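These notes concern the structure reproduced below.
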Amino acid sequence: MEQVTGGMLWMVIKTFGLLIVIIALIVLTLSAMKRLVRAGGNGGSKQSEMRVVGTLFLEPKKGIYLVKIVDRLLILGVTEGGISILEKVQEGPEIDRIEKAVNGSRHFLPANFADKLRQAWRKQRGLK
């Protein structure tokens, strides 16, 4: 009887040990994936300087996107069938003027939820 109990105890210990190893592997994998996503999905290199400045939806699945890449602004036409470059702007003052116009417009959607929330808060407070 003691041999059966000892064998069962050893099996339970092995099972829990294996469970701990599996859980540790899952935690390590999720941690590595989180770091990779935070790094922009490019293997830990410096995150690119690209952001969506604004979006204007014309119809369902059709719109115009303003994308700033480092010191250039691309105006993109986006449809179900693909993406077309409508205009490339490389001059700093012109880019600033377009960004200010987009931020002050009620037709363009802000680039992200934080911008949208900031605009709503300013509007409620009567600020620009």
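Each value in this text was obtained by applying a stated rule to the coordinates, not by laboratory testing. Note that the structure is predicted; figures quoted are calculated from it, not measured. Positions of Cβ are generated from backbone atoms using ideal geometry, with glycine treated the same way; all protein chains shown enter the neighbour counts.
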ask   = From the backbone phi of the range 56-65, what are the Karplus-calculated ³J(HN,Hα) couplings (6.51 cos²θ - 1.76 cosθ + 1.60, θ = phi - 60°) in whole Hz, Gly and Pro given as x?
value = 10, 8, 8, 8, x, 6, 9, x, 10, 10
Computed lengthening from Ile23 to Val52, 0.36 nm per intervening residue step minus Cα-Cα distance = 6.6 nm
query = Which entries in the list Lys34/Lys100; Lys34/Lys88; Lys68/Lys123 go over 32 Å, if you measure between the two C-alpha atoms of each?
reply = Lys34/Lys100; Lys34/Lys88
request  = Take the Cβ-Cβ distance between Lys34 and Lys100 as r, set R0 to 35 Å, and report the resulting FRET efficiency rounded to the nearest 0.05.
outcome  = 0.50
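For a footprinting-style exposure proxy, rank Ile13, Ile75 by other Cβ within 10 Å, fewest first.
Numbers: Ile13 10, Ile75 18.
The most exposed by this proxy come first: Ile13, Ile75.
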